[in-house]
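**Student:** Following this message is one structure expressed as structure tokens.
The values are calculated or read from the model by the stated rules, or taken from the named source; none is laboratory data. Given the structure is predicted, the values throughout are model-derived calculations rather than measurements. All Cβ positions, even for glycine, are placed from backbone atoms using ideal geometry, and neighbour counts span all protein chains on display.
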Amino acid sequence: MQTIRVLLASLAAGVPTSSLAGITAQQKQRSIRRRVLQSTMLVVPAALVMAVTGSAAIAQQTPTTPLAAVAPDAKHYPDGMRLREQYDTVNQPLNLPAARDEAKRAAVGLAAASRVQARLPDGFTLLPGTTVQVSMAGGPANESARPLAAPSAANAPTANEKFITVHPLAYQGVPLSKGSDYMTMASGDNRLLVERKRGLPTEVDATSPSVAAEDAIVAARQSAGQSFASVDPGKVTPKLEIWVDEQQNGRLAWTFTLNNGSLTDPDVRRFWVAAVDQPRVLNWESEVYHTQHGSVSGNIWMTSPLGTPPTASRPFADLEVTRNTDGAKQVTATDGRYGYATGTGSAQITAQLRGPFAVIQNQSGPNLQVAKAGGTSDPIDLNFGASSEADLAQTSAFYWTSFGHEFARAILAPGALAALPVKTNINQTCNAFWDGSSLNFFRSGNGCPNTAYSDVALHEFGHGIDAANGGILDGGYSEGFGDSVAVLGTRQSCAGRDFFGPGTCLRPATAVILWPPPPGGEVHDVGRRYAGFTWELTQQLRQTYSDDEAFSLATRLVLGAAAANPANIPDAVRLSFVVDAPDGNPAHGSPHFRELAAAADSRHIPRPADPLLAGGATASSAAFPFTPAKTVSINSNILQASVHLDRPAALHIAANSSASSPTPLAFQTGFYTDANPNVLWTNSYRNVSLATANQWSNFGSTFSVQLPAGDYTIYWKIWISGGTLTLSSGTLLVEAFEATGASLAIASAEATTSSMASLTPSMAPTVLSSMTDASGQSVTRAPGQ
């Protein structure tokens, strides 16, 4: 045995289960009827189906489902709760050259990896990871051609921009299994904000196998049962990995996938079989993720095959067309247009439903194809005139798969989910599934529509997104994330519209289902808690933002968490807070902390604690004495305080004195960070009038401003013309506030003689609407400035 000492941290504990309301008798009858129709389906519990206009109540006990009579081993999905992890908020600078776009992402990921590698325990090595860019700034993207458009990735650095890299790990050259990884999160201003190490074993039994790969495959086939008897061992590709179990022990294993080859009753399992001593199965997981949903567009289904209107024509983006004269290919843009830069005369343009992101494979007949001839003077417009169910299933599946790829483009590595096989019109009903490498949709029948429509396609593509970002680590999260992709992509609350007839909803995200789920809960039911969190997040954001901005922000927060490969639903919720926080630390607050917190609390999902309202505070002051008396007859700075902010903070400024004049006199006072005495923050501007000669009157100003990190000098200013002020003692107080755990450095000093800059008395201060400074504050200048 080789012992490796690592620091491990347990996941946050859940909150107590709350009582839930009951389902209606009509829903129970539908459940029984559906159980007869779907006796062989290992899918979403039919008892959870609710009509859109029906009660939103949920059963107090776990609802009866078709899975109740299914053997426990029939579906075995991963459980991310076994993974141990440690998050660290490091907030350290990365020394990087200036770069943009792909170069910036690569440089940040490499710099963070170099720092992490030096601190890994002996024997561990970071493997190459993909860096994705997540931006929380800006409004929704302008997707000109598509309804319900998804936000595009922002390439330019922003005020709250994150670069997330998930690095797989190896031990002495052997890769660790999925979930054992190291995540880094860096900011757009080149600071390493957050590190997460997860699933590191405390010991590893071996790095060289004593069990032959062939024997491991035999053991897995025997474990899987008779339905895998026809699997050809010669077509199975095993590889070595280190599987980390619940006790954090590393076991050298052969890992591979077995597929029973059926589309109508699919069973695809990934195995980890011990590669030392005896070939025993350490773990296996289902790779078939079922669903049922509804909604579409193009000649495609707009909402579902049963919706109103059922179809509409939409341009097809990311579609490959071919010219017959030379075989040249082009790919359409978001508005469906294509163009060739060269070529004359007549030609025929041909297209099938295939492109860089989706390749339709129709299972009930030939693939849909369209062709048209023409010259160069007029456009050659192609139209897939789909009208039958079989044709509409193909066009709809292509459209929504391509849409899903664009939706998640910001967190997909180049080449991820490329040319994805999309199988339509499979001769089975009431389902669809992701099998680790393709999307699969069933024909209509048994009271269910054809499943190749928006809600279903986006849910299944959500599994693909989860798999492409480090592998599916938790079945409940993956199902909830799939529903969240459907909800965010279609911008409505039902995952599975019209699934059991017009007006029904398979899984409404509005249903309040609380965390934690019951032990052994069915994965679709567990995932509903995350879909509920996502929907509530959009509703919280809509209280402040427009619908477009709210859905865009929610999408960035949910996808940003997905980019870091959450271990489970609470981890996904926590990661949304981390992504939102400017410094990666939710304890310091974040722009959308309140909305995220309300969404998490609505489903009782554990989340980061509220930051302190005031946070840490540091104060400093500058003063001048009663004697000798300070006199002012021209525009002047009378006090100043120097401030260093090591991070963004709220600055509170207050000043007070008293003044007299030998003649009645009016003057103005205020603050600014510029030594020029003729400019000040408009909201700090105060008018003062001394109506009686030689009589003392109090004056001063107060002001607050949010400033970014940096060095500042705060000047207290007096604007005066046509007279002389005599000041008694005065004080300038500067207080800085930020969240717990931060440290502010503040130094103060009385204004020096050289800072008492002046203008001629003719420059009388008059309020002008002039400018806005870098901190977004309105600034007023004296005339002529």
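**Student:** I'd like the residue in the range 243-293 that is over 31 Å from the mean Cα position of the chain (by Cα) and on the phi > 0 side of the Ramachandran plot and, out of all such residues, is surrounded by the fewest Cβ atoms within 10 Å (Cβ to Cβ).
**Tutor:** D277
**Student:** Hey, which of the strands (runs of 3 or more DSSP E) in the range 625-668, taking only ones fully inside, have at least 3 residues that are in contact with a Phe, Trp or Tyr (Cβ under 6 Å, 6 or more places away or on another chain)? Step through it out loud before you land on a result.
**Tutor:** On the way: elements: 630-632, 636-645, 649-660.
Counting at least 3 such residues, we get 636-645, 649-660.
**Student:** Go over the candidates N694, N698, N676 one by one and state the one that is in a loop (DSSP other than H, G, I, E, B), more than 22 Å from R781 (Cα to Cα) and out of contact with any Gly (no Cβ under 8 Å at 6 or more places or on another chain).
**Tutor:** Numbers: N698 fails: in a loop (DSSP other than H, G, I, E, B); N676 fails: more than 22 Å from R781 (Cα to Cα).
Sole residue among the options that is in a loop (DSSP other than H, G, I, E, B), more than 22 Å from R781 (Cα to Cα) and out of contact with any Gly (no Cβ under 8 Å at 6 or more places or on another chain): N694.
**Student:** Sticking with this structure for a sec: Can you tell which of D73, D88 is modelled with pLDDT of 85 or more and either under 25 Å from the mean Cα position of the chain (by Cα) or in a helix (DSSP H, G or I) (or both)?
**Tutor:** Matching residue, one of D73, D88: D88.
**Student:** Right, another one. For the range 105-124, name all the residues that are at pLDDT 90 or above and on the phi < 0 side of the Ramachandran plot.
**Tutor:** So the first thing to find is which residues in the range 105-124 are at pLDDT 90 or above, and the list is 123-124.
Matches in the range 105-124: F124 only.
**Student:** Would you tally the residues in the range 402-424 being farther than 23 Å from P566 by Cα and buried (at least 24 other Cβ atoms within 10 Å of the Cβ)?
**Tutor:** 4
**Student:** Please count how many residues of the range 348-377 are surrounded by 15 or more Cβ atoms within 10 Å (Cβ to Cβ), part of a strand (DSSP E or B) and of a type in the set (S, T, N, Q).
**Tutor:** Qualifying residue count for the region: 4.
**Student:** Looking only at the range 556-587, filter to residues that are touching a helix residue (DSSP H, G or I) at 6+ places or on another chain (Cβ under 7 Å) and part of a loop (DSSP other than H, G, I, E, B); which one of those is nearest to A413 (Cα to Cα)?
**Tutor:** Within the range 556-587, the match that is nearest to A413 (Cα to Cα) is A564.
**Student:** Across the range 252-302, what is the number of residues that are at pLDDT below 85, aliphatic (A, V, I, L, M) and not in a loop (DSSP other than H, G, I, E, B)?
**Tutor:** Adding up the residues that qualify gives 1.
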